[in-house]
Amino acid sequence: MTWTSDNLYCVIGGAEADCTARLIWHLLEHGRPGESALITQADCLWRGRRLPAPAWPTWRETLEARLRALAAQGCRRVVLALSPSQIAAGWARGLGCRAAVVGGLREHDNTDALKGYLTGCCRLLMANLDDSRVRALAAQWGGQRLTYAERRGEADLNARYLRLGKDRMTFEAVTNSAIARVSLPLPGSYDFYMALAALGCGLLEGYPLREGAAAVSAAPGAPGVLELRRRADGPDELIHTGFTGGQLETALLAARRAGSGRVLLVLALPPGGADRRLRRIALQGADWCALIPAAGDRTGGPDLTAAVEAARCCGEPEDIIAFVGRADWDALLARTRAPASAGYRRQN
């Protein structure tokens, strides 16, 4: 078997692109085991084996050699996670793909470079219309497209009746001709936008919507995407690495359902700040919130560290703290402890 662009799905985005790619790969493997490979920033998975992922400075050469080797071994599909910075640097120049999945873009992402890559290399654009930058990109796209969104309307694939319990997230995936129920486990669940992207790829591969929904529902979790951590020594904590308005709403709804008290929010704003909708969702959805610009290296910096400490100091056992945004929450939470003498006194 020889390698062609029809064999490749490119998932474009930041940290969430790896998780989206993993869920797409799981769906493809669920129906046809042993025919699909996954390549992310950290992993290359093929028939139960974990291979080294391509890395700078030989990323492109290593990737092309890996694709040829996979094709020779009978691989029919590869799901590849790409970052906008890799595309802007020219690493993906000329790398054709069957479909490019774009779930979210940040303010500093080079959309001109992304447009150039999509126009020259991609047969179909799969776009999340709930992200304003992706919506603008899709509006300028002149080729084939498949769109998805939370609310029914202009998108080809929609989510409705989203419900978040203490251990499950459920919703109905809807097209013009089919409806299927999706159930994702918590903690460590995939974001429902990721599930919609995977279902869209399943439709392109000829999977009926219900078959794709069953595969997505059977996928193991992706820790850190939407993860609930129970704590015995203070308020429970919910971590969500998303940064769009819809993802923030999902995190706040999950936090409200998971706890019986207040929702305390620490939001790591994307570079450049946040649009008015993001701030409005935060202020309306949380009982206490801190909106802090995240550092470029995702470690936070003093302001975000202080916000994490303040939330832990203010929280009572029945409350829940939501940490949302593209920050290294594991590192932040590991090094930040509420002082033992600190206690919150509710003000009347």
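Just the number, please: percent antiparallel of the DSSP beta bridges in the chain, rounded to the nearest 5.
Of those bridges, close to 35 percent are antiparallel.
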At a Förster distance of 45 Å, what's the computed FRET efficiency of residue 176 paired with residue 284, Cβ-Cβ distance as r, to 0.05?
0.85
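Please compute the alpha carbon radius of gyration of the chain, then divide it by the globular-protein estimate 2.2 N^0.38 Å. Two decimals is fine.
Cα-based Rg divided by the globular estimate yields 1.00.
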Percent RCO, i.e. relative contact order, over the chain, from Cα pairs under 8 Å lying at least 6 residues apart:
13
On each of the three principal axes of the Cα atoms of region 39-162, give max minus min coordinate, whole Å, ordered largest first.
42, 32, 23
Kyte-Doolittle mean at least 0.0 and Cα extent at least 24 Å along the axis: which DSSP H helices of the chain qualify?
15-31
Using θ = phi - 60° and Karplus 6.51 cos²θ - 1.76 cosθ + 1.60, couplings along region 37-42 (whole Hz; Gly, Pro as x):
10, 10, 10, 10, 5, 10
To the nearest 10 square angstrom, what accessible area does residue 108 show with a 1.4 Å probe?
110
Computed over region 101-240, protein heavy atoms only, probe 1.4 angstrom, the accessible area per residue in square angstrom equals 42
Nearest 500 deg cm²/dmol is fine: what mean residue ellipticity at 222 nm does the chain get from its DSSP H runs of n ≥ 4 alone, each adding -39,500 (n - 2.57), divided by its residue count?
-10500 deg cm²/dmol
Within the chain, what is the longest stretch that has no GluC sites (Glu not before Pro) placed in a DSSP loop and near at most 15 other beta-carbon atoms within 10 Å?
155-317
Rounded FRET efficiency, nearest 0.05, which uses the C-beta distance separating residue 49 from residue 76 and R0 of 25 Å:
0.90
Take the alpha carbon gyration tensor of region 48-119, find the square roots of its eigenvalues, order them as a ≥ b ≥ c, and report rounded if a/c is under 1.5; if not, report prolate when a/b exceeds b/c, else oblate.
prolate
Under a Cβ-Cβ limit of 4.7 Å, which cysteines in the chain have nobody to pair with?
19, 44, 75, 121, 122, 201, 289, 313, 314
Heavy-atom accessible area ranking, 1.4 Å probe, most first, across 36, 132, 217, 177:
177, 132, 217, 36
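Return the carbon/sulfur percentage of the accessible area of the chain, one whole number, probe 1.4 Å, all protein chains in place.
49
The values are calculated or read from the model by the stated rules, or taken from the named source; none is laboratory data. On a predicted model such as this, the values are computed, not experimentally measured, just so you know. No Cβ is skipped: glycine too gets one built from the backbone with ideal geometry, and neighbour counts run over all protein chains shown. Areas reflect the complete protein model, heavy atoms only, side chains present, ligands, DNA and RNA absent. Shrake-Rupley method; radii C 1.70, N 1.55, O 1.52, S 1.80 Å.
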